[in-house]
1. Residues to consider are Phe195, Phe140; find the one that is touching a Cys at 6+ places or on another chain (Cβ under 8 Å) and not charged (D, E, K, R).
2. Filter the range 133-155 down to the residues that are within 20 Å of Thr64 (Cβ to Cβ) and of a type in the set (Val, Ile, Thr), then identify the one that is surrounded by the most Cβ atoms within 10 Å (Cβ to Cβ).
3. For the range 61-103, give me each residue that is exposed (fewer than 13 other Cβ atoms within 10 Å of the Cβ) and touching a residue at least 60 places away in the same chain (Cβ under 8 Å).
4. Looking for something surrounded by fewer than 19 Cβ atoms within 10 Å (Cβ to Cβ), farther than 24 Å from Asp67 by Cβ, out of contact with any Gly (no Cβ under 8 Å at 6 or more places or on another chain) and among the small types (Gly, Ala, Ser) - is there at least one such residue anywhere in the range 161-173?
5. Which residues, counting only those in the range 192-208, are within 20 Å of Trp128 (Cα to Cα) and in contact (Cβ under 8 Å) with a residue 24 or more places away in the chain?
6. Could you figure out which of (1) touching a residue at least 60 places away in the same chain (Cβ under 8 Å); (2) small (Gly, Ala, Ser); (3) in a helix (DSSP H, G or I) isn't true of Ala173?
7. Checking Ala156 against (1) modelled with pLDDT of 95 or more; (2) farther than 22 Å from Phe213 by Cβ; (3) part of a loop (DSSP other than H, G, I, E, B), which test does it fail?
Amino acid sequence: MASADTAVMEENAKEKQISDEVEKLQIDPLIKHPLQNRWCLWFFKNDKSKDWADNLRQITSFDTVEDFWALYNHIQSAAKLASGCDYNLFKDDIKPMWEDDRNKTGGRWLASFDKRGGKLMVDIEKLWLETVLCLIGEGFDEESDIVNGSVVNIRAKGNKISVWIGDYKREEAVLKIGRRFKERLGLPPRFQIAFEAHQDTIVKKGSSAKSRFTI
């Protein structure tokens, strides 16, 4: 009798184990993969009747791989944005503006893509996505700690993608970030990207600021 009871208990335990494993398999696909940082997507639309800051709108933030793709697949692609619009992707506690404390002593690596005959010669959406994936995947390695965000500018004469850095004085790190940025975009050697310190951009004369470095 005791052996029969033992057999029943073992069978029940086995069934429970199987049930638990099945339940685990059902839950696992729902587990989200966390990113190292929380990121915020901002949208800018140039309306000259408003102050610059009023044209900037926070869309949402995310901190998992799955939430990023859910967002990316539901927003308009950068390539389809109207002229004068930007997407800004920044770490959650940093605003996409020079005045933010984390940006004041920083700068940006800038890749400019001019239009020829009114036509852009690169796939700006592909380049923007590659930049974003590099950011949220911490693709700048140990230098990722000073990478604050990225911006894609859609303009009539051409589009721009930039990577914003928090400290322009860390020259070795700045150069490493620039090289990785250019590498991830797959740009040819003859194509130059330029690094501009925000303080130079603020006091610039003309349409462009002085470049601290070019790669």
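The values are calculated or read from the model by the stated rules, or taken from the named source; none is laboratory data. All values reported here derive from a predicted model rather than from experimental measurement. Cβ sites come from the backbone with ideal geometry, for glycine too, and all protein chains shown count toward neighbours.
1. Details: Phe195 fails: touching a Cys at 6+ places or on another chain (Cβ under 8 Å).
After applying the criteria, what remains is Phe140.
2. Val147
3. Passing the criteria: Ala82, Ser83.
4. Within the range 161-173, not a single residue is surrounded by fewer than 19 Cβ atoms within 10 Å (Cβ to Cβ), farther than 24 Å from Asp67 by Cβ, out of contact with any Gly (no Cβ under 8 Å at 6 or more places or on another chain) and among the small types (Gly, Ala, Ser).
5. Residues satisfying the conditions are Ile193, Ala194, Phe195, Glu196.
6. (1)
7. (1)
Conditions tested, residue by residue: (1) of a type in the set (Gly, Ala, Ser); (2) closer than 30 Å to Ile31 by Cβ; (3) in a strand (DSSP E or B).
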{"position": "Asp63", "(1), (2), (3)": "no, yes, yes"}
{"position": "Trp69", "(1), (2), (3)": "no, yes, no"}
{"position": "His74", "(1), (2), (3)": "no, yes, no"}
{"position": "Phe90", "(1), (2), (3)": "no, yes, yes"}
{"position": "Met97", "(1), (2), (3)": "no, no, no"}
{"position": "Thr105", "(1), (2), (3)": "no, no, no"}
{"position": "Asp114", "(1), (2), (3)": "no, no, yes"}
{"position": "Val151", "(1), (2), (3)": "no, no, yes"}
